[in-house]
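Student: I'd like to ask some things about the structure below.
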Amino acid sequence: MQRKPVDVGNGAVCASFGVGSSLLAVGAPHPEAGLVELTAAPAFPVEHDGNGADVRRHRASLTDPAHAVLRVADSSGRLMDDRQAWRCEGRGWSADVDVWTVAERPAVIQRFHVQRHGPGRLRIDFAGRLDRPGYAEITPVGAIPPPWAPSHVTARGGTLEVTTANSDPEVDAIIEASVSDIQPASWVAKDGAAWLERAWEDGASSAFEVLLTVTLRTPGHTDLTTTAMSAATSRPGSVALGDRVAWLNDGAGSQMASTSSSNASSSRRWAGPLVAMS
């Protein structure tokens, strides 16, 4: 049984995955904000800062798949032995899921290799916002900056874009979706949430793959979709999605991201899913 999140990172981005391969949060260094995260977890009430029980309760809630940024609806899954792969099941399908990062780029990749077993549906739900860290600290170390305004969520075909309000630091989250037997895959956005669905009525046994690329674009980083895609090489066991390379090669592999704050207001330790539970 998976009890703690699986963390991946490469120095430019870090992410945590929970039960059933749900993407809990993505974080990246930011030259103005220190650290920015894409998260769907409830904000930590600033008036509870320093209350040990409330801080631990908030940290535990960060691992709840109900608070995930991306998750597969109506499915179950178990973590495999290699710690970065899951076996998931839903109505009419099963899937092998793995995750990795793109070397030196602020992007996290999640791949679903889906095997159909009969009529069914696979739906990926998005919920989340861009925000500064939660700053849930047992020992207060200073004033907590206000949370950011609600993010804007826009769907354009297979691309979902999450942007900050004009009053907040500049950052975009780009979620690119590709489905091997659908050209193009399309997100549907409504009221700050979004979903991507692949349904089938026939009972034929066949396979398809879903690739999700989550990129945090901050000042100083170029657009992954125009640079990394053009330089990518095929990941073993992948399939081509039209004339695009399906998987990005993560080079020497993933390592935990290590970031430090760039200003005094963000000098606190990030209390997101990547912290050890206590």
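Student: Once you place label points 7 Å from the Cα toward the Cβ at R57 and E89, how far apart are they in nm?
Tutor: Output for this residue pair reads 3.6 nm.
Student: So how do H152, H30 line up by other beta-carbon neighbours within 10 Å, fewest first?
Tutor: So the residues, fewest neighbours to most, are H152, H30.
Student: Here's something else I'd like to know. If you bin every alpha carbon distance in the stretch 1-155 into 10 Å steps from zero, what whole percent lands in each bin?
Tutor: 10, 35, 35, 16, 4, 0
Student: Is the shape of the stretch 1-85 best called rounded, prolate or oblate, per the rule: a/c under 1.5 gives rounded, else a/b larger than b/c gives prolate, else oblate, with a ≥ b ≥ c the square roots of the Cα gyration tensor eigenvalues?
Tutor: oblate
Student: Quick one: K4, K190, fewest Cβ neighbours within 10 Å first, how do they rank?
Tutor: K190, K4
Student: Multiply the residue separation of S167 and E32 by 0.36 nm, subtract the distance between their alpha-carbon atoms, and state the gained length in nm to one decimal.
Tutor: Extra length available between S167 and E32 comes to 47.3 nm.
Student: Sticking with the crude label model, points 7 Å out along Cα→Cβ, report the distance from A149 to H117 in nm, one decimal please.
Tutor: 4.8
Student: If I model a spin label at T139 and A204 as a point 7 Å from the Cα along the Cα→Cβ vector, what separation in nanometres do I get?
Tutor: 6.3
Student: Shifting gears a bit: What number, in nm² with one decimal, is the all-direction average of the projected area of the convex hull of the alpha-carbon atoms of the stretch 101-187?
Tutor: Over all viewing directions, the stretch 101-187 projects a mean Cα-hull area of 9.3 nm².
Student: In whole Å, what are the Cα extents of the stretch 48-127 along the three principal axes, biggest one first?
Tutor: In descending order, the Cα extents are 51, 33, 26 Å.
FYI, it's all coordinate maths here, none of it is from the lab. The shown structure was predicted, so the numbers you read here are calculated from the model rather than taken from an experiment. Glycine gets a Cβ as well: all are built from the backbone with ideal geometry, and neighbour counts include every protein chain shown.
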